[in-house]
Amino acid sequence: MTQTTQKLSRRTLFAGASTVGAIAVATSLMPTVKGLAQPTAQTPKPAPEKGGGYTLSDHVKQYYKTTLV
């Protein structure tokens, strides 16, 4: 075998190994993508008749805690 053939063979080996590695990573990630839960659609609360509509939810309380100095 000549050096050219050995280098070509080595390149082919590394290219094949990296391809197999990329395919292995892609297949290992596929079940996690497929297993994600779909968000459930929540029906919005009806608007109040006299205006307003602000409610102090847990999310808003958490935001207020983060703004304290």
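The values are calculated or read from the model by the stated rules, or taken from the named source; none is laboratory data. A quick note: this is a predicted structure, and the numbers were derived from the prediction, not measured.
Things to note:
- Residue within the stretch 8-31 that is outside any loop (DSSP other than H, G, I, E, B), over 31 Å from the mean Cα position of the chain (by Cα), at pLDDT below 80 and not aromatic (F, W, Y) present: yes
- The set of residues in the stretch 32-69 that are modelled with pLDDT under 75 and part of a helix (DSSP H, G or I) comprises T32, V33, K34.
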